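Trainee: Supplied in structure tokens, the structure appears directly below.
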Amino acid sequence: MIDRLPFATPLVYSTQGQSAESIHSRELRDRIKRGDRKLLRQIGAHVAQLVVEGKFPNFFGSDITLVPVPGHAPLAPGAISTPQRIAMALHENGLGAEVVPLLERRQRVQKSAFAAPHERPRARDHYESLAISPSLLRPRKVLLIDDFVTRGATLLGAAARIHTVLPDVEIRGFALVRSITDGDIFSIRDPRDGILELMADAESRRRP
């Protein structure tokens, strides 16, 4: 397992806040979870503008391979996941060289959104349930793409799985939205980058 992963997010949502923006952020969350294509394209363009403005240095570029993170269960044949749609929207805006489904979920894990905190999958659970899809590609830099990040267990587990097979690859994580569980937010647009850490007790921590 790896114990640190740089990550970035352009948006934030509040799980319980009652300000107008907090409530709106949960509406945005639901649209993203439904895979709203128009919205994802708009957010892709927004991220591209942030990059032009100097946000997220070292996360995007012509040498970056965008790798969608699988959901909690194996994907049905022919289905396209929300992280895949996000990766495609980023690619359409020139933020990566290509989209490669390098990871696949072999075994279902508990869906974090419906689990109590102590029942949520840990990074190792994600690592053990993921596999590398057959590919001739040997990327130099990988940006893992997910829709939401809370503690970072999914991204850490996915990064560890890739690192096992491709130890020389530079890996970073990107999620459209990070969640906060306490308090209100006053702007959904709040681009940040930081670190996901695997702690000694096997729990994950996100900063910020």
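The values are calculated or read from the model by the stated rules, or taken from the named source; none is laboratory data. All values derive from a computational prediction rather than experimental measurement. Neighbour counts are summed over all protein chains in view; Cβ atoms, including those assigned to glycine, are modelled from backbone coordinates with ideal geometry. Keep in mind that these areas ignore ligands, DNA and RNA; they rest on the heavy atoms of the full protein, side chains included. Shrake-Rupley method; radii C 1.70, N 1.55, O 1.52, S 1.80 Å.
Trainee: For region 138-195, which chymotrypsin sites (Phe, Trp or Tyr not before Pro) pass both filters: DSSP loop (anything but H, G, I, E, B) and at most 16 other C-beta atoms within 10 Å? Numbers along the way, then the final one.
Mentor: Details: sites: Phe148, Phe174, Phe186; in loops: Phe186.
Passing sites in region 138-195 are Phe186.
Trainee: Ile171's amide H: which non-local residues (gap 5+, or another chain) put their own amide H closer than 5 Å, with H modeled 1.01 Å from N in plane and none for Pro or chain starts?
Mentor: Close amide H contacts, sequence-distant or interchain: Val142.
Trainee: What is the extension gain from Ala45 to Gln18, computed as 0.36 nm multiplied by their sequence separation minus the C-alpha to C-alpha distance, in nm to one decimal? Let's see the in-between values first.
Mentor: On the way: separation 27, 0.36 × 27 = 9.72 nm, distance 2.85 nm.
Extra length from Ala45 to Gln18 when fully extended: 6.9 nm.
Trainee: Using a Gaussian network model on the chain with a 10 Å cutoff between Cα atoms, which of Glu128, Glu197, Glu119 fluctuates the most?
Mentor: Of Glu128, Glu197, Glu119, the most mobile in the Gaussian network model is Glu119.
Trainee: Among the DSSP beta bridges whose two residues both lie in region 126-207, what percent are antiparallel, rounded to the nearest 5?
Mentor: For region 126-207, the DSSP antiparallel bridge percentage is about 35.
Trainee: Counting DSSP beta bridges with both partners in the chain, what percentage is antiparallel, nearest 5?
Mentor: Once the DSSP bridges in the chain are tallied, antiparallel ones form about 40 percent.
Trainee: A follow-up question, please. Ala116 to Glu128: extension gain in nm, 0.36 nm per residue of separation minus the Cα-Cα distance? If you can, show how the numbers build up before the last one.
Mentor: Details: separation 12, 0.36 × 12 = 4.32 nm, distance 2.08 nm.
Stretched out fully, the Ala116 to Glu128 stretch lengthens by 2.2 nm.
Trainee: Exposed loop sites here are trypsin sites (Lys or Arg not before Pro) in DSSP loop states with at most 15 other C-beta atoms within 10 Å. What is the longest stretch of the chain lacking them? Display every interim value, and only then the final one.
Mentor: Working: sites that count: Arg34, Arg106, Arg108, Lys111, Arg140.
In the chain, the maximal stretch lacking such sites is 35-105.
Trainee: I've got another one for you. From the helices alone, meaning DSSP H stretches of at least four residues, give me the mean residue ellipticity at 222 nm for the chain, per-run term -39500 (n - 2.57), in deg cm²/dmol to the nearest 500.
Mentor: -9000 deg cm²/dmol
Trainee: If you don't mind, there's one more thing I want to ask. Once you treat every alpha carbon in the chain as an equal point and sum by Debye, what is log10 I(q)/I(0) at q = 0.13, 0.16, 0.19 Å⁻¹?
Mentor: Each listed q corresponds, in turn, to -0.67, -1.06, -1.57.
Trainee: How big is region 94-165 along each principal axis, measuring the range of its Cα positions in Å and listing the largest first?
Mentor: Ordered largest first, region 94-165 gives principal extents of 38, 25, 16 Å.
Trainee: Shifting gears a bit: Express the carbon and sulfur contribution to the solvent-accessible surface of region 80-208 as a percent, rounded to the nearest whole number, probe 1.4 angstrom.
Mentor: After summing per-atom areas, the C and S share lands at 47 percent.
Trainee: Counting Lys and Arg as +1 and Asp and Glu as -1, what is the net charge of the other residues whose Cβ lies under 12 Å from the Cβ of Val109?
Mentor: The answer is +4.
Trainee: Hey, can you find the accessible area per residue of the chain for me, probe 1.4 Å, expressed in square angstrom?
Mentor: 50
Trainee: Using the alpha-carbon centroid of each, what span in Å lies between region 137-183 and region 24-63?
Mentor: So the two Cα centres are separated by 16 Å.
Trainee: In Å and from the alpha-carbon atoms only, list the Rg and Dmax of region 1-120.
Mentor: In Å, with Rg to one decimal and Dmax whole: 15.7, 42.
Trainee: Hey, can you grab everything whose amide H is under 5 Å from the amide H of Ile185? Only 5+ residues off in sequence or another chain; H modelled, so Pro and N-termini drop out.
Mentor: Placed amide hydrogens put Ser19, Ser22 under 5 Å from Ile185.
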